[in-house]
Amino acid sequence: MCSWGDSMPINLRDHSFTKQLAPHYADLLSHYARECTIAPGGYLWRQGDTSDVLYLLCSGKVALEISVPNQGPLQIESVEEDEILGWSWLMPPARWNFDGRAITEVCALRFEGSCLREMCECDKLLGYQVFKAFAEATAKRLHSARLRLLDFFEPCAQ
C-alpha cells in the first residue's frame, strides 16, 4: 500500500482532474490530499475490497487487472500520470471491481472517499463539478475500452 507523506496544502490546479473545478475548489481540496508512494508491484487496492479512496496520479503507471480463473491476472487497462483512479467509492456497494497494481513506482495524491462524499453533499456545486470531472474521465476510459474491443474482435486478414 501507500507510504505516506505529510498532509499539506498542495497545488492541484495543474492536474487534469481539477481542470473541471473552480480554482477555489482545487485550493480547498488540496488541504485534504495526502501524498503517497507505491512501490513497483505494490497494490493500491484489491478486487472485492471496500473502496473509499480516490487517487490522482502524479507519476508512474498503474495496471488495472481482473483475476481470470486458472490463468491469473489479466491487465485490462493501464493508467498513467495526470489521470484519476478510483471512483467506486462514489456509489454503493463501494467495492473495487478489479485490482490496481503499480507497474512502476507511483507517486499520487490520495483522498478519502467519505470525506469527498461529505464535501460534495454539503456543497452541491462542488459535487456537480466533481461528478462532471469523473464523467469526463469515465467517457475517455469507455472510449479506450471500445477501441480495444474492436482490435480484439477484428477479423483476421486473409
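The values are calculated or read from the model by the stated rules, or taken from the named source; none is laboratory data. These numbers come from a predicted model, not from an experiment. Cβ: placed from backbone, ideal geometry, glycine included. Neighbour counts: every protein chain shown.
Values computed for the structure shown
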quantity: Every residue from region 102-137 that is under 23 Å from residue 79 (Cα atoms), without any contact (Cβ under 8 Å) to a residue 60 or more places away in the chain and surrounded by 13 or more Cβ atoms within 10 Å (Cβ to Cβ); calculated: 131, 134
quantity: Matching option when the condition is touching a strand residue (DSSP E or B) at 6+ places or on another chain (Cβ under 8 Å), part of a helix (DSSP H, G or I), among the aliphatic types (A, V, I, L, M) and at pLDDT 90 or above, among 116, 126; calculated: 116
quantity: Residue pairs meeting the criteria (Cβ under 7 Å; at least 6 apart or on separate chains; first touching a residue at least 40 places away in the same chain (Cβ under 8 Å), in region 61-76; second polar (S, T, N, Q)); calculated: 61/78; 61/104; 62/78; 63/75; 63/78
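Here is a yes/no grid of residues against (1) more than 27 Å from residue 125 (Cα to Cα); (2) surrounded by fewer than 16 Cβ atoms within 10 Å (Cβ to Cβ):
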position	(1), (2)
22	no, yes
26	no, no
46	yes, yes
71	yes, yes
80	yes, yes
84	no, no
